[in-house]
Amino acid sequence: TAQDDYSALYIASGSNALTLTKSNFTGNIANNKATVGIENAKAQVNNCNFTDNEVKASGSAIYVNAQEVIISNNIFDKNEAGANGTVYFASTSGKILNSNFTNNKALNGAGVYTGANVGIIISNSSFISNVASVEAGAIYLASQAGKIQYCNFTDNTAVNGGAVVLAGSNQEIGFCKF
C-alpha cells in the first residue's frame, strides 16, 4: 500500500528498455496513481497478472507517462480506479497486445484510458465484463492517433459507450467483435 503514488513499482527517468515479466501484482492500493508507474522511460510489461488492485485516481494497474511502452500478454482482472482506466496512458506512444481485461471498474475507460497526446495501438486483446460508471466500459481513446484492431468486446457496460468511446481524432477500429 502506498500513501500516494505507485503502490508496488515505480520505473523512473533514466530506465532504458526495462522489461517487467512474469510478475504478479495482487491487492495493491494507492491513493493517486497505479500499482505500477512508468514515467520518462522505455519499458515493456509482458506476461504479468494484475488482480484486485485499487487506486483512488487513474490507472489501477499501470500508469504510463513515458517514452514508449509495450504491454503484452497480460491479465488485468478485478482492478478498480476511482477515475480513469485500469491501464492509463497520460502521454506517450505505446501498444497493448494480446492482453485480457475482465471485471475491471472505473469512472471512464474501465479497461484502457488514454489522454490526448497519446499514439496507441490496441490489438488482439479481449475486454469482458468491464464497468465504467460514466463512459467507455472497455476503452476510452482521447488520443490523436489511436488504432483498435482484432479485439473482442463482451458484456462491457457504461452510461455512454458500453464498450468504446472515441473522443480524439485520427482513430480507427477494425476487425473487432462487439
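The values are calculated or read from the model by the stated rules, or taken from the named source; none is laboratory data. Being a predicted model, the structure only gives us computed values, none of them experimental. All Cβ positions, glycine included, derive from the backbone under ideal geometry; neighbour counts span all protein chains shown. Note: areas computed on protein heavy atoms with side chains; ligands, DNA, RNA excluded. Shrake-Rupley method; radii C 1.70, N 1.55, O 1.52, S 1.80 Å.
Would you indicate which of (i) 98, 31, 28; (ii) 37, 27, 26; (iii) 134, 24, 22 is the value of Cα extents along the principal axes in Å derived from the coordinates of this structure?
Matching the structure shown: (ii).
Determine the order of S143, S13, S93 by accessible area, beginning with the largest, at a probe radius of 1.4 Å.
Per-residue accessible area, sorted high to low, gives S13, S93, S143.
When a/c is below 1.5 the answer is rounded, else prolate if a/b is larger than b/c, else oblate, so apply that to segment 92-178 with a ≥ b ≥ c taken from the square roots of the Cα gyration tensor eigenvalues.
Judged from the Cα gyration tensor, segment 92-178 comes out oblate (a/c at least 1.5, b/c at or above a/b).
Pick out, from N160, N31, A142, the residue whose Cα sits farthest towards the positive end of the charge dipole of the chain, with +1 on the Cβ of Lys and Arg and -1 on the Cβ of Asp and Glu.
Checked the options; the winner is A142.
Build a GNM of the chain with springs between Cα atoms under 10 Å: which of T19, T114, T51 gets the top mean-square fluctuation?
Among T19, T114, T51, the largest GNM mean-square fluctuation belongs to T19.
Per residue, how much accessible area does segment 1-116 have with a 1.4 Å probe, in Å²?
Ligands and nucleic acids excluded, the figure is 39 Å² per residue.
Can you tell me, using C-alpha contacts under 8 Å and at least 6 residues apart, the relative contact order of the chain as a whole percent?
14 percent
How large a share of the accessible area of the chain, in percent, is made up of carbon and sulfur atoms when the probe is 1.4 Å and the other protein chains stay in place?
44 percent
For the chain, what is the charge dipole size about the Cα centre, in debye to the nearest 20, if Lys and Arg each add +1 at the Cβ and Asp and Glu each add -1 at the Cβ?
For the chain, the charge dipole is close to 280 debye.
First check a/c for segment 84-143, with a ≥ b ≥ c the square roots of the eigenvalues of its C-alpha gyration tensor; if it is under 1.5, answer rounded, and if not, answer prolate when a/b is larger than b/c or oblate otherwise.
Oblate shape, in that a/c is at least 1.5 and b/c is the bigger or equal ratio.
Please tell me which of these pairs span more than 23 angstrom C-alpha to C-alpha: K105/K177; K147/K177; K22/K56; K33/K95?
Exceeds cut-off: K22/K56.
Of V55, F76, I96, which is farthest on the positive side of the dipole of the chain, counting Cα position, with +1 on Lys and Arg Cβ, -1 on Asp and Glu Cβ, and the Cα centre as origin?
Positive-most Cα among the choices belongs to I96.
For a test of the definition: using alpha carbon positions, the gyration tensor, and the 1.5 limit on a/c, classify segment 23-63 as rounded, prolate or oblate.
Oblate.
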